[in-house]
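Asker: Sharing a structure with you now.
The values are calculated or read from the model by the stated rules, or taken from the named source; none is laboratory data. Because the structure is predicted, anything quoted here is derived from the model rather than measured. Cβ: placed from backbone, ideal geometry, glycine included. Neighbour counts: every protein chain shown. In case anyone asks, the SASA skips ligands and DNA or RNA and just uses the protein heavy atoms, side chains included. Shrake-Rupley method; radii C 1.70, N 1.55, O 1.52, S 1.80 Å.
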Amino acid sequence: MKFMMTFCIKPEAKSRDEAIARFKATGGQPPKGAKLVGRWTSADFSGGFVLLESDDTKALTEFSLMWSDAMELKLVPVLEDADLGQVLAQHR
């Protein structure tokens with residue numbers, strides 16, 4: 001399954017600096033069991049989007065915990081248009 005994680009970097013300098021240091025050290029890679037498909041960060045550094053692929057909710061939770069002290073996160077399952085089209089075709 002694919003999941004879209006949105007993140008908002010907390011405005012406090014300490015949280016922002018911690019997020020930057022952690023990203024430099026880890027590359028922002030998720031743990032085993034979750035695959036990073038893509039990441040986009042807003043030009044003003046206020047937040048962004050991470051597209052993940054996983055069937056392991058523990059890996060997704062671990063990834064969230066790795067960042068939740070420095071960022072506000074939201075993680076939701078998402079569908080690609082082809083899959084959505086199949087669902088909509090069955091809908092009256």
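Asker: Based on the Cβ-Cβ distance of Lys58 and Arg22, what FRET efficiency does E = 1/(1 + (r/R0)^6) give at R0 = 22 Å, to the nearest 0.05?
Answerer: 0.60
Asker: Which percent of the Cα-Cα distances in the chain go past 18 Å?
Answerer: Roughly 47 percent, rounded to a whole number.
Asker: With +1 on each Lys and Arg Cβ and -1 on each Asp and Glu Cβ, and nothing else charged, work out how big the dipole of segment 1-81 is about its Cα centre, in Debye to the nearest 20.
Answerer: In total the dipole reaches around 220 debye.
Asker: Enumerate the calculated ³J(HN,Hα) couplings along segment 75-87 in order (Karplus 6.51 cos²θ - 1.76 cosθ + 1.60, θ = phi - 60°), each rounded to whole Hz, writing x wherever the residue is Gly or Pro.
Answerer: 10, 9, x, 10, 10, 7, 4, 4, 5, 4, x, 5, 5
Asker: Roughly speaking, to the nearest percent, how much of the chain's 1.4 Å accessible area is carbon and sulfur?
Answerer: C and S atoms contribute 58 percent here.
Asker: Could you compute the FRET efficiency for Ser46 and Val87, with r as their C-beta to C-beta distance and R0 at 22 Å, rounded to 0.05?
Answerer: 0.10
Asker: Okay, moving on. Accessible area of Glu80, 1.4 Å probe, to the nearest 10 Å²?
Answerer: 100 Å²
Asker: Read phi for every residue in segment 62-72 and hand back ³J(HN,Hα) as whole Hz from Karplus 6.51 cos²θ - 1.76 cosθ + 1.60, θ = phi - 60°, with x for Gly and Pro.
Answerer: Couplings: 4, 4, 4, 5, 5, 10, 5, 6, 10, 9, 8 Hz.
Asker: Also, I was wondering about something else. Using a probe radius of 1.4 Å on heavy atoms only, what accessible surface per residue do you get for the chain? Whole Å² is fine.
Answerer: Result: 70 Å² per residue.
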